[in-house]
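Accompanying notes for the structure given below.
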Amino acid sequence: MLKVGLTGGIASGKSVVGEMFVALGAQLIQADTISHELMRPGEAVYGEVVRHFGREILNSDGTVNRARLAEAAFGASGTNQPSRIQELNRIVHPAVLRRQEEWMAEVGREDPGAVAVVEAALILEAGAAKDFDRLLVVTCHPEQRIRRWANRVGVDEETASREVMRRMASQFPDEEKIKASDYVIDNSGSFDETRKRVEQVYAELKCEAETKGQRP
């Protein structure tokens, strides 16, 4: 089984690329999905997040309001409120990393020749690159990130630009991620161009995974 980390900056197209890998036969889990599960009421991470950031981040039913938590962590847009994203990451990341490791171990037991992909924006920032056999980074042009974010959340491009820049400030730049990665998937072109690159990369990963899975 081959452990693959799929990373990239905000709105680079990680999820689209991840779906392409799944269509080809890879197993995939998203760090965001794990994080959401850990922030359900009753979970230990939920309790710690509420203790640190206050009940103001909660909906009336006690669930975490993601937009309010993001504002509390990144600092309210248009203000000089300091970022607390590192504080949030210190609470959430260890539990997410443990769940990722458990999931990859489960996949390996079920299929020794599998390509197990973890999609996560902050693999390098969390110091988790060592947990993977191969690291992939998805990139695109800065203006594309802004347009994609604007379309995703339904805001104008000026608002999207401020939010993207604010969030990118807490992530390593693409240049640093590229240097640390085994494969780069440029998502600046057409959907078909990205898919062709994913097919090339997956063929190599699958071959390596099967070879690794045959070892005693």
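The values are calculated or read from the model by the stated rules, or taken from the named source; none is laboratory data. Since the model is a prediction, treat every value here as computed from it, not as a measurement. Every residue, glycine among them, receives a Cβ derived from its backbone with ideal geometry; neighbour counts consider all protein chains shown.
Worth pointing out:
- Unmet criterion (only one of (1) more than 18 Å from residue 128 (Cβ to Cβ); (2) not in a helix (DSSP H, G or I)) for residue 51: (2)
- Filter pass, residue 97 being within 30 Å of residue 49 (Cβ to Cβ) and not in a helix (DSSP H, G or I): no
- Selected residue [farther than 21 Å from residue 3 by Cα, basic (Lys, Arg) and at pLDDT below 90] from 145, 152: 152
For (1) under 20 Å from residue 19 (Cα atoms); (2) surrounded by fewer than 21 Cβ atoms within 10 Å (Cβ to Cβ); (3) free of Cβ contacts under 8 Å to residues at least 24 places away in the same chain, each residue gets a yes or a no:
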{"residue": "105", "(1), (2), (3)": "no, yes, yes"}
{"residue": "113", "(1), (2), (3)": "yes, yes, no"}
{"residue": "118", "(1), (2), (3)": "yes, no, no"}
{"residue": "124", "(1), (2), (3)": "no, yes, no"}
{"residue": "132", "(1), (2), (3)": "yes, no, no"}
{"residue": "138", "(1), (2), (3)": "yes, no, no"}
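- Cβ pairs under 7 Å, 6+ apart, first in region 27-46 and assigned to a helix (DSSP H, G or I), second among the charged types (D, E, K, R): 31/119; 34/99; 46/40
- For residue 78: the one exception among (1) closer than 26 Å to residue 141 by Cβ; (2) modelled with pLDDT under 95; (3) in a helix (DSSP H, G or I): (3)
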